[in-house]
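Written below as structure tokens is the structure these notes are about.
The values are calculated or read from the model by the stated rules, or taken from the named source; none is laboratory data. It should be emphasised that the depicted structure is a prediction, and the values quoted were computed from it without experimental measurement. Here the Cβ is made from the backbone with ideal geometry for all residues, glycine too, and neighbour counts use every protein chain on show. Note: areas computed on protein heavy atoms with side chains; ligands, DNA, RNA excluded. Shrake-Rupley method; radii C 1.70, N 1.55, O 1.52, S 1.80 Å.
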Amino acid sequence: MNTARTVLVTGGAGFIGSHTCVELLERGHDVITVDDHSNSSPVALDRVQKLAGRPLTAYTADLRDRAALDAVFAAHPIDAVIHFGAKKAVNESTEIPLEYFDVNVGGTSALLRAMGAHGVHDLVFSSSCSIYGETTRVPLTESDPPRPTNPYAHSKWMGEQMLADVCRLLPELRVAALRYFNPLGAHPSGDLGEDPTGVPNNLLPYVAQVAVGRRERLRVFGDDYPTPDGTCVRDYIHVLDVAGAHCLALDRLVEGLQVLNLGTGVGSSVLDVVAAFEAASGCSVPYEVQGRRPGDVAVLVADPSRAESVLGWHATRDLTAMCADAWRFQRANPAGYAG
Ligand code: UD1
């Protein structure tokens, strides 16, 4: 089933996008990227090409710029699209909600229109476990009801709803929406990783910056949750497992919309992550416990069995590997791609 194709990757320079580009190139696909670099570095794309030993074609553009997108589709025989390009910070989405709807929902509809105009029917869409929102179900299956609690999560759920509708009405479309749990880690080479701009919102980039001495201590948001050690439990998944799932999803698209969780099915607490990172890095990660962060839920763990049955996919890398790989990238690139 693995026929080489020309794949357009939006947000290709970002954390998950760049790792997916390496996997696509290594599997023989031709890769075209579109990224506005609002939260990514073009250096990541240089590293992708070095790691894969093959070139890709990169464009800097905003997905809502229809003329720019049309020019990309006109210039390449694109067979399929993987759509990562979106804004993804939960906190920020509560401050600038309309920007989130405009970029995430408007960007997706602009992309779908350009795909339609150029006869492209195959799409893998980045969704998020955040659409499950305030839930107490453990583990979560794809049929659990979405209850998004912030504009970021809403924008992803709206994207899925739009895709469900257009798939019903345009039967030639073949779409997979992948709901990621918490992607971590880096490419094992240490050349590609997560390089957020500004103060990291997410746990692992913050932990890594404490370990490397860029920040003094981690703030643990709450230790009074109903979990074994009182800190929140999440389903952390290696970014290369996520990237691999995209390649398989591309090979296995069928008419209509398929929705799949991407997680490991294993939960780890904030303190488990701190301990695993200390073991991987040999550095201590000082922390202090603060109050709960608004919007956090106690436990979010995937039931990944549908992805196993549909794609023949399951995650193969554990928290130790995620921390070891993230640390290798952090140590080799203490100031990120700008260093
Ligand atoms: C959130 C989103 C998820 C999104 C991900 C990446 C929700 C429910 N989840 O995940 O969809 O894909 O961000 O953008 O909206 N923590 C600390 N100290 C820190 C940072 C985090 O203790 O400095 C804790 C948090 O309280 C949480 C855990 O670490 O319990 C993980 O936090 P984070 O990495 O931000 O991810 P989520 O909030 O789970």
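Scanning the range 284-310 for residues that are touching a helix residue (DSSP H, G or I) at 6+ places or on another chain (Cβ under 8 Å), open to solvent by 40 Å² or more (accessible area, probe 1.4 Å) and more than 11 Å from the ligand (Cβ to nearest atom) yields a total of 2. The number of residues in the range 39-51 that are free of Cβ contacts under 8 Å to residues at least 40 places away in the same chain and open to solvent by 30 Å² or more (accessible area, probe 1.4 Å) comes to 3.
Given the criterion modelled with pLDDT under 95 and not acidic (Asp, Glu), identify the matching residue among Gly336, Gly312. Residue meeting the stated conditions: Gly336.
Kindly provide the set of residues from the range 140-179 that are assigned to a helix (DSSP H, G or I) and either within 16 Å of the ligand (Cβ to nearest atom) or surrounded by 22 or more Cβ atoms within 10 Å (Cβ to Cβ) (or both), ordered by number. Spell out the reasoning first.
In the first step, residues of the range 140-179 are kept if they are assigned to a helix (DSSP H, G or I); the result is 151-169.
Pro151, Tyr152, Ala153, His154, Ser155, Lys156, Trp157, Met158, Gly159, Glu160, Leu163, listed by residue number.
Looking at the range 100-120 only, could you name the residues that are surrounded by fewer than 19 Cβ atoms within 10 Å (Cβ to Cβ) and more than 17 Å from Ala61 (Cα to Cα)? Passing the criteria: Phe101, Gly116, Ala117, His118, Gly119.
Please state which one of Asp241, Asp272 is closer than 30 Å to Trp313 by Cβ, within 11 Å of the ligand (Cβ to nearest atom) and charged (D, E, K, R).
Values: Asp241 fails: within 11 Å of the ligand (Cβ to nearest atom).
One residue alone meets the criteria, Asp272.
Quick grid of which residues meet (1) modelled with pLDDT of 95 or more; (2) within 15 Å of the ligand (Cβ to nearest atom); (3) surrounded by fewer than 20 Cβ atoms within 10 Å (Cβ to Cβ); (4) more than 21 Å from Gly17 (Cα to Cα):
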site: Gly53; (1), (2), (3), (4): yes, no, yes, no
site: Thr57; (1), (2), (3), (4): yes, no, yes, no
site: Ala74; (1), (2), (3), (4): yes, no, yes, yes
site: Ile82; (1), (2), (3), (4): yes, no, no, no
site: Ala89; (1), (2), (3), (4): no, yes, yes, no
site: Leu98; (1), (2), (3), (4): yes, no, yes, yes
site: Cys129; (1), (2), (3), (4): yes, yes, no, no
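Yes or no: Glu26 within 16 Å of the ligand (Cβ to nearest atom) and surrounded by fewer than 17 Cβ atoms within 10 Å (Cβ to Cβ)? Answer is no for this residue.
Taking the numbered list (1) over 30 Å from Val43 (Cα atoms); (2) more than 11 Å from the ligand (Cβ to nearest atom); (3) among the hydroxyl-bearing types (Ser, Thr, Tyr) in turn, Thr316 passes all entries but (1).
With the structure loaded, tell me whether Gly213 is surrounded by fewer than 22 Cβ atoms within 10 Å (Cβ to Cβ) and either more than 14 Å from the ligand (Cβ to nearest atom) or hydrophobic (A, V, I, L, M, F, W, C) (or both) or whether it fails that test. Taking the combined requirement at face value, the residue satisfies it.
With the condition being polar (S, T, N, Q), I'd like the helices (runs of 4 or more DSSP H) fully within the range 43-113 carrying at least 3 qualifying residues.
90-95
Checking each residue in the range 188-210 for being touching a residue at least 40 places away in the same chain (Cβ under 8 Å) and open to solvent by 30 Å² or more (accessible area, probe 1.4 Å) picks out Pro188, Ser189, Asp191, Glu194, Asp195, Pro196, Thr197, Asn201, Leu203. Here is a check on your reading of the model: is Cys247 more than 12 Å from the ligand (Cβ to nearest atom), of a type in the set (A, V, I, L, M, F, W, C) and closer than 18 Å to Cys323 by Cβ? No: the conditions fail for Cys247.
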